[in-house]
1. Is it the case that Glu157 is over 30 Å from Glu298 (Cα atoms), assigned by TED's automatic domain parsing to the domain that holds Ser22 and assigned to a strand (DSSP E or B)?
2. Looking only at residues that are closer than 16 Å to Asp136 by Cβ and hydroxyl-bearing (Ser, Thr, Tyr) in region 27-50, which one is modelled with the lowest pLDDT?
3. Return a yes/no flag: does region 325-347 have any residue that is out of contact with any His (no Cβ under 8 Å at 6 or more places or on another chain) and either at pLDDT below 60 or aromatic (Phe, Trp, Tyr) (or both).
4. Tell me, which strands (runs of 3 or more DSSP E) lie completely within region 269-318 with 3 or more residues that are touching a Ser or Thr at 6+ places or on another chain (Cβ under 7 Å), touching a residue at least 12 places away in the same chain (Cβ under 8 Å) and within 18 Å of Asn206 (Cβ to Cβ)?
5. What are the residues in region 1-22 that are on the phi < 0 side of the Ramachandran plot, touching a Pro at 6+ places or on another chain (Cβ under 9 Å) and outside any strand (DSSP E or B), if any?
6. Is it true that Thr259 is under 15 Å from Ala220 (Cα atoms), touching a residue at least 60 places away in the same chain (Cβ under 8 Å) and touching a strand residue (DSSP E or B) at 6+ places or on another chain (Cβ under 9 Å)?
Amino acid sequence: MINAAGILFLAPDDRALFLKRSQQASDYPRHWDFPGGGAIDDETALETALREAKEEVGRLPKGDRALLTRTMTDFSTGGASTSPQTAPILTSPPPPGVGAVATTLSAANVPPVVAVRPAATSPPGVQAAGTLNEVDYSTFLQRVDREFEPQLGDEHEGYAWAPVLSPPEPLHPGCRIALARLSMDEFGVAHAVARGELTSPQKYENVWLFDIRITGTGTAYRNKLDEYCYRPPEIYCNEEFLQRCNGLPVVWKHPKKDTLDSKEFEDRAIGTVFVPYLSDGLRHPPNEVWAVAKVFDEDAADWMTKHQMSTSPAVVFRNPDVNQKLDLENGSTLLIEGKPSLLDHVAICEAGVWDKMEKPSGVVAARADAIVTISPDKLHQLDRNLTLLSIRMSNRAAARRARA
């Protein structure tokens with residue numbers, strides 16, 4: 001993994017600073033990009049961006065910087081995005097603005113969804129596969145009160161202040177999503193996460209946008225019940241089920257009962273499902289339902305970002321006769337599920353049934369440097385910490401009720 005970062009300097013009238021790489025650049029020679037480069041030792045992304053910007057423009061203008069985008073690119077597959085995400089399969093057209101972004105990124109004209117797939121050949125100047133792998137790149141935004149003249153080093157042969165809507169060409173592909181991000185609303189950011197153009201999570205004003213699994217399909221094992229279950233893909237992997245997922249509550253751990261009530265919703269809700277989609281098997285396993293979810297609770301978002309969490313959906317069968325139960329030779333049972341009458345919520349948990357006895361994978365948090373791997377000897381402490389977080393959330397809800 002190569003960690004890198006840069007700064008998009010933005011002057012009044014939405015004019016940004018672009019630097020032209022030299023012919024000797026190791027990748028994308030003679031392309032335009034932002035000041036930035038690779039990390040040294042254990043630098044943070046911001047430290048890298050500040051050092052590289054100062055080295056490449058000769059000065060560091062005063063001002064605040066905020067993280068604008070974070071992307072994952074795998075040059076060993078020809079420069080295709082490999083953020084932990086697959087392209088969504090939706091039958092409806094993209095929301096206003098999303099098609100325009102997709103057009104910029106793919107040169108396609110308003111497709112329903114643009115899939116991010118490995119390119120057939122490596123981009124200009126990129127090293128052969130195996131010598132350069134994933135690049136984790138963070139772009140910070142800094143607004144400046146006026147344009148300034150950079151003092152270029154050997155890595156670049158020119159510079160330009162240009163409108164963000166008409167940047168100089170050829171433009172480094174990593175810059176396009178950062179420029180597009182400037183005009184995105186939360187719906188556009190969510191679709192970019194779903195397409196794999198932006199990593200999960202993304203912070204948009206007061207909300208975190210996380211890529212989460214709603215449900216898997218096929219066969220899984222419920223340890224507590226010593227029961228195998230089979231969830232038919234044709235029941236879940238369709239447009240109707242996606243529509244049922246819109247607005248689905250995202251809660252912190254399951255309530256004591258199968259479904260939410262007013263108190264449990266108030267105590268446990270941390271967000272809602274925003275953009276549901278179907279996996280096509282590029283990054284997530286095939287025949288799974290995923291979504292970009294809005295998470296409003298800062299404590300939960302911080303935990304989900306730093307720890308590898310998973311998800312567990314809650315479905316209700318009003319008529320149990322739609323299910324079939326078979327006895328297996330080993331003494332276990334197999335439950336073949338029918339169509340659920342209610343999709344009640346999706347819970348954030350330490351491990352879910354649809355992890356299928358493998359490591360937790362239902363929540364995508366791209367901060368690999370911050371993720372804490374859950375080992376068996378840490379499960380007890382993890383459960384205790386999760387309980388404490390749940391108590392804090394419950395106390396906040398009780399305080400809100402008291403004030404009301």
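1. In short, yes.
2. Checked region 27-50; the qualifying residue modelled with the lowest pLDDT is Thr44.
3. No, region 325-347 has no match at all.
4. none
5. Passing the criteria: only Ser22.
6. no
Table: residues versus (1) under 21 Å from Ile7 (Cα atoms); (2) over 17 Å from the mean Cα position of the chain (by Cα); (3) surrounded by fewer than 17 Cβ atoms within 10 Å (Cβ to Cβ).
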residue	(1), (2), (3)
Ile177	yes, no, no
Lys203	yes, no, yes
Arg213	no, no, no
Gly218	no, yes, yes
Leu225	no, yes, yes
Phe241	no, yes, no
Gly247	no, yes, yes
Val251	no, yes, no
Pro255	no, yes, no
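Matching residues to (1) more than 15 Å from Ala190 (Cα to Cα); (2) at pLDDT 95 or above; (3) in contact with a Gly (Cβ under 6 Å, 6 or more places away or on another chain); (4) assigned by TED's automatic domain parsing to the domain that holds Arg70:
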residue	(1), (2), (3), (4)
Ile214	yes, yes, no, no
Asn238	yes, yes, no, no
Phe265	yes, yes, no, no
Ile270	yes, yes, no, no
Tyr277	no, yes, no, no
Val292	no, yes, no, no
Asp299	yes, no, no, no
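The values are calculated or read from the model by the stated rules, or taken from the named source; none is laboratory data. Computed from a predicted structure; not experimentally measured. For neighbour counting, all protein chains shown are included, and Cβ atoms are generated from backbone atoms with ideal geometry for every residue, glycine included.
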